[in-house]
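Report on one structure; see the data block that follows.
The values are calculated or read from the model by the stated rules, or taken from the named source; none is laboratory data. All of these numbers come straight from a predicted model, not from anything done at the bench. When we count neighbours, we look across all protein chains shown, and the Cβ atoms used for this are built from the backbone with ideal geometry, even at glycine.
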């Protein structure tokens, strides 16, 4: 996975293997055409690092409240064409700062995922390499 790290930042943003083993959904490196936006104010909030049916990891571009719950709109543009955004409710379950990058990473679990959103995420995941 793209977020596996080596070197001195392992303790900061490295993967907790015990936690990884408990995940019920496979994580995929996110394609660059997915853009997370806060639904309440249309603010682009960062870069999606990886995504699954259970949640996503963000490299934050804006500070968010640790432990907060957010309505997110995942905008999609593929081959120059805007696609219907994916609407989710996600809860922040962890947040870590990578000192070497001066970046904050955050993990979010989907807590409200409509059947439409689930189908949209499945379609995105089906097109990604495993």
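Once the stretch 27-45 is narrowed to residues that are under 10 Å from the mean Cα position of the chain (by Cα) and surrounded by fewer than 18 Cβ atoms within 10 Å (Cβ to Cβ), the residue that is nearest to residue 120 (Cα to Cα) is 35. Restricting attention to the stretch 101-110, the residues that are assigned to a strand (DSSP E or B) and either within 16 Å of residue 46 (Cβ to Cβ) or at pLDDT below 95 (or both) add up to 6. In the stretch 52-79, the residues that are on the phi > 0 side of the Ramachandran plot and surrounded by fewer than 15 Cβ atoms within 10 Å (Cβ to Cβ) reach residues that are modelled with pLDDT of 95 or more and part of a strand (DSSP E or B) with C-beta atoms within less than 7 angstrom, at least six apart or across chains, in these pairs: 67/92. For the stretch 87-105, check the following and say yes or no: at least one residue is under 17 Å from residue 36 (Cβ atoms) and loosely packed, with under 13 Cβ neighbours inside 10 Å. For the stretch 87-105, residues under 17 Å from residue 36 (Cβ atoms) and loosely packed, with under 13 Cβ neighbours inside 10 Å: absent. The residues listed here are 53, 128, 87, 64; of these, the one that is assigned to a loop (DSSP other than H, G, I, E, B) and in contact with a helix residue (DSSP H, G or I) (Cβ under 8 Å, 6 or more places away or on another chain) is 53. Within the stretch 90-130, the set of residues being free of Cβ contacts under 8 Å to residues at least 24 places away in the same chain and touching a strand residue (DSSP E or B) at 6+ places or on another chain (Cβ under 6 Å) comprises 94 only.
Can you tell me which residue among 123, 98 is within 25 Å of residue 24 (Cα to Cα) and either over 12 Å from the mean Cα position of the chain (by Cα) or modelled with pLDDT under 95 (or both)?
Working: 98 fails: within 25 Å of residue 24 (Cα to Cα).
Matching residue, one of 123, 98: 123.
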